[in-house]
Amino acid sequence: MFYWYTRLDCRSKIFLPIVLSMAFIVLFSSAVSVLFFGDSSWVYSESGVLEISQSVLLFIAFIYFLYAFFASSRPNERMISLFLLVLAWAFLLREVDFDKMNLPAPLVFMLYGAGRTITVTAGFAAALIGASMHFKKYAAASLSFIISSRGLMILLTGAFLVVGYIFEHKFHGAASELYEEGFELLAYIFFLVLSCITAAKNQSGSELVSCVR
């Protein structure tokens, strides 16, 4: 089950457990604070610790996918990295309130609301157009991706996001927001793992050797 971990480069083998441990500590301490002490002021208020943690994980994942995209020498992997990079960008725009950062109006338009939809749609459209030019080749690569450990990670990401969505829109209990944000954090944890695997898969053999040395 953890075979994917053996495929990571040496830096990610150190960095990833540290980040994941911090994320689980945040999740555990948030649950204890809300469920046992009734204190949610620092957990999921505006700029609460869960939302900040989600944004940090997504930003790190975005950097990993960006590296994978530029490092890849294989068209199939580069296209997969592009799709995942755009997806990470979409998640990041969803979680970060750029409209509250006093940014210039044109930048806010690009990163929030209708402008956000346009930039994300343009990114996916570019990826789809590129993939359609060699449909058979990329279709086979996509199938290989789905049945791999990376496919499992993207499946778990989607599943936990759906659970979080259900708690957000279908349940309105005292701790429903905790479950919503908690499941979203779990989703982005798996998404970060996916980004690390993807970056390692696109790392050249010489880079791996130099890392070991």
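Of all the numbered requirements in (1) in contact (Cβ under 8 Å) with a residue 24 or more places away in the chain; (2) crowded, with 16+ Cβ neighbours inside 10 Å; (3) of a type outside the set (A, V, I, L, M), SER73 misses one, and that requirement is (2). Pairs are defined by a Cβ separation below 7 Å, a sequence spacing of at least 6 or placement on different chains, a first member in the stretch 170-190 that is within 18 Å of MET153 (Cβ to Cβ) and in contact (Cβ under 8 Å) with a residue 40 or more places away in the chain, and a second member that is buried (at least 21 other Cβ atoms within 10 Å of the Cβ) and among the polar types (S, T, N, Q); the pairs so defined are GLU184/GLN54; LEU185/SER53; LEU185/GLN54; TYR188/GLN54. Just to be sure, is LEU152 exposed (fewer than 15 other Cβ atoms within 10 Å of the Cβ) and either over 22 Å from LEU50 (Cα atoms) or touching a Gly at 6+ places or on another chain (Cβ under 9 Å) (or both)? Against the criterion (exposed (fewer than 15 other Cβ atoms within 10 Å of the Cβ) and either over 22 Å from LEU50 (Cα atoms) or touching a Gly at 6+ places or on another chain (Cβ under 9 Å) (or both)), LEU152 does not qualify. When HIS172 is tested against (1) more than 16 Å from the chain's Cα centre (by Cα); (2) in a helix (DSSP H, G or I); (3) farther than 27 Å from ARG7 by Cβ, just one condition goes unmet, and that condition is (2).
Name every residue in the stretch 124-146 that is farther than 19 Å from ARG74 by Cα and either of a type in the set (A, V, I, L, M) or free of Cβ contacts under 8 Å to residues at least 40 places away in the same chain (or both), in order of residue number. Correct list: ALA125 only.
Restricted to the stretch 93-107, and to residues that are among the aliphatic types (A, V, I, L, M) and part of a loop (DSSP other than H, G, I, E, B), which residue is surrounded by the most Cβ atoms within 10 Å (Cβ to Cβ)? Top of the filtered list is VAL96.
To keep it simple, each residue is scored yes or no on (1) part of a loop (DSSP other than H, G, I, E, B); (2) among the hydrophobic types (A, V, I, L, M, F, W, C); (3) closer than 30 Å to SER144 by Cβ.
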{"position": "ILE18", "(1), (2), (3)": "no, yes, no"}
{"position": "MET22", "(1), (2), (3)": "no, yes, no"}
{"position": "PHE28", "(1), (2), (3)": "no, yes, no"}
{"position": "SER40", "(1), (2), (3)": "yes, no, no"}
{"position": "ALA61", "(1), (2), (3)": "no, yes, yes"}
{"position": "LEU84", "(1), (2), (3)": "no, yes, yes"}
{"position": "LEU87", "(1), (2), (3)": "no, yes, yes"}
{"position": "PHE91", "(1), (2), (3)": "no, yes, yes"}
{"position": "PHE109", "(1), (2), (3)": "no, yes, no"}
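Here SER33 passes the criteria (1) free of Cβ contacts under 8 Å to residues at least 24 places away in the same chain; (2) under 21 Å from GLN203 (Cα atoms) except the one numbered (2).
Computed from the coordinates by the stated procedures, all read-outs in this text should not be read as laboratory data. Everything quoted here is computed from the prediction, not taken from an experiment. Backbone-built Cβ (ideal geometry, glycine too); neighbour counts: all protein chains shown.
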